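Here is the structure we will look at, set down as structure tokens.
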Amino acid sequence: MSAPAPLEVASTIQSASIEPNPSPKHDVNPSTAASGKEPVTIASSPPPSDIESDEVPLSVLRPAPRPHHLPPLPDLRFEQSYLKSIEKAQSGWGVAYITLRDQLLLPLLQGTLWTLLLTGWRFWNRESQLAGQSVGARVRRWWWSVNDWNLPSLRRHDVAADLKDVSIRFMRYYVAEFANAGSD
């Protein structure tokens, strides 16, 4: 009797991605210039009359392109937890549902909730102030001083300096605006 389809799929995925006989030379580290030894060959130099001082070799101006090596395959450690989660699936649809749920929907939900949490936190604290004697203001001022941040100016310079100035400005405005209100 053959194994259920989800276990066959899981076994195929696992056997395709796990190297049964890893070699330290190939799997542990990428090759470098120091990995292989090449004997040094000293080329005979051309006679001094053949070399001009202004001449720059073309190989210096346009070096040969180096081959691009692909990075090593990532270590898929989630594989065992994935196999554990699909072992109870009854059909291929169950495997598809578990895969979509674990690999698409849950990360999407997690990112959405995290974004909403951060946005709500910023909205809640958008009116936070450094001025005042509340506990929050004291904590904010302490935090700014601990981090050596310059405290912003706590006074607005465009506001009148004292109450007399405000009264005088208001009276001038009132008289100018409503002085002839009865004559209209």
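Structure values in brief
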quantity: Number of positions in region 91-104 that are in contact with a helix residue (DSSP H, G or I) (Cβ under 8 Å, 6 or more places away or on another chain) and of a type outside the set (D, E, K, R); calculated: 6
quantity: Enumerated helices (runs of 4 or more DSSP H) restricted to region 54-155, each holding at least 3 residues that are at pLDDT 90 or above; calculated: 92-100, 106-124
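The values are calculated or read from the model by the stated rules, or taken from the named source; none is laboratory data. What you are looking at is a predicted structure, and each value in this text was computed from that prediction instead of being measured. No Cβ is skipped: glycine too gets one built from the backbone with ideal geometry, and neighbour counts run over all protein chains shown.
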